[in-house]
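Input: a single structure, listed below in structure tokens.
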Amino acid sequence: MKLEDIPKKNVFKEPEGYFDELPGIIQSRIAEKEHKPSWIPSYGLVLRYALPVLAVGFALFLIFRQSTPMSANPEELLASVDAEALSDYLIESDLTTEELLDFANLDEEDINALNDQLLYPEIDIDLLEDYSTEIEL
């Protein structure tokens, strides 16, 4: 059998007016579709990468926050310094007594207490009585 011997016959049948309505059908289907972004980050992706980074950052914040001595007040920090080292520092620095007192915020009570310690050191009363009995007035 040859190819020319096969009868040419249209075996497919379309409904009446199908090709006339086809462009309108295609355009209505295209118009109904909403354009979705090609990539939307999911919560799983955020939880997988961002949450561990935030957890590590928060842990580092807590570690470094605890190591700073900002929680202590200035009196506690000064008390932790060795008195000898502090006096050596003050002697070697160029600060005068007047400059040092200018930086200190002393009230009347503090000034009186310092004056009492410097001008009137504690004297042993028994020693003073012994000394006064030895001296003839």
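The values are calculated or read from the model by the stated rules, or taken from the named source; none is laboratory data. From a predicted model like this one, the values you see are computed outputs, not experimental measurements. Reconstructed Cβ throughout: ideal geometry from the backbone, glycine too, with neighbour counts over all protein chains shown.
Structure values in brief
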read-out: Some residue of region 21-41 being under 33 Å from the mean Cα position of the chain (by Cα) and at pLDDT 85 or above; value: no
read-out: Any hit, region 50-63, residues being in a helix (DSSP H, G or I), of a type outside the set (Lys, Arg) and at pLDDT below 80; value: no
read-out: Hits in region 73-103 (condition: loosely packed, with under 10 Cβ neighbours inside 10 Å and not in a helix (DSSP H, G or I)); value: Asn73, Asp82, Asp94, Thr96
